[in-house]
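Below is one structure, written out as structure tokens, with a few remarks after it.
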Amino acid sequence: MTNTEPNNTQQAESSAKRSLPIVENFTRRAVVKGGFATLGAAAFVAAVSPLRQAAKSTTAVEFMQQHYTELSPEQKADVIARLEAETKEKYGADVTIADDRPIPGTKFVYAINLSVCNGNGKCVEACHKENNHDRSTNQSYIRVIEMPKGTMDMEKGSTTYSGIVPKDDKFYLPVQCQQCDEPPCVDVCPVKATWKEEDGIVVVDYNWCIGCRYCEAACPYHARRFNWKQPEVPAEEINPDQSYLSNRVRPVGVVEKCTYCLHRTRRGKLPACLEACPTGARVFGNILDKNSNIRWILENKRVYILKEELGTKPAFFYYFD
């Protein structure tokens, strides 16, 4: 893996100014019809089969909902009120779903000190609880890979390690969404259900996603998850502090992903995985802030990028002391 110094402020500022996608004024039904013409009959039927599976739990109002970027403030309020009511009905929990927007002048970046991470998995557990993942599958946006020392090749590691950690001949590589500046997942989405926002976070409109899983296949970091079934979360375990583009309970038949806990970070808090890390391996912050810890690390440490040769330009970095 090539060593790099990703401290180009000018590049960061440019990516931070990237605008939201331009979406035509059409309904989800029109997108499905357009996708049929674009992809061809056989390919499109295969692509939207998860959407058909989820049809029984999708109301007409939800299906006809416009893309997030097309919704007026009043329409967003109506959508959020509906989702809060549905959560109460399905899960018996009172929740508050916000519409958290990017903080001006912010480009969020993550870094992990691989000399300190010991593979304890507390970050995985915290992500599972914070983001209202299905309890029966023990889902999380984070995978911790036990790696043989001397390589950064993810394919040589294992996510099913057991026993006492850390092991002397191993190091531990947490992998989640890299929030790429050139995200291939965004490029392949046929309905523009996923996009990159001004603070660098790649998001998904879960009410617009058709479940084709093209984005999941395109991600070289295996960072996206498909909801094969309706999530099961006991009412007392539901995290009630939610956001439309983040940790609200996702419906069956959509692809979901890490959002750097935007329901926390856009409110001035830290990601749940960072707060749960007992070794202090995780560092998060605004790269545009010259006095931030993350900026200092990227300027003074030997920083590594996973699969740098692919040109995805992640906002997620690794370093050793």
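Just so it is clear, none of the values below were taken in a lab; they were calculated from the coordinates. Since the model is a prediction, treat every value here as computed from it, not as a measurement. Note: ideal-geometry Cβ built from the backbone for every residue, glycine included; neighbour counts use all protein chains shown.
Just a few scattered comments:
- Relative contact order [Cα under 8 Å, 6+ residues apart], the stretch 155-207, whole percent: 23
- Cα-Cα pairs of the stretch 131-189 separated by more than 16 Å (percent): 59
- Sorted by Cβ neighbour density within 10 Å, fewest at the top, the residues F108, F284: F284, F108
- Here the stretch 256-310 was treated as a single set of alpha-carbon atoms; its pair distances binned every 10 Å from 0 give 20, 43, 35, 2 percent.
- Ordered by the number of other Cβ atoms lying within 10 Å of each residue's own Cβ, fewest first, E299, E198 fall into the sequence E299, E198.
- Projected label distance in nm at F226 and K122, using a 7 Å step from Cα toward the beta-carbon: 3.5
- Loop-located trypsin sites (Lys or Arg not before Pro) in the stretch 213-321 (DSSP state not H, G, I, E or B) with no more than 14 neighbouring Cβ atoms inside 10 Å: K229, R267, K269, K290, R302.
- Computed from the C-beta positions of M64 and N300, the FRET efficiency with R₀ = 45 Å rounds to 0.30.
- Separation of the stretch 173-204 from the stretch 234-295 is 15 Å, based on Cα centroids.
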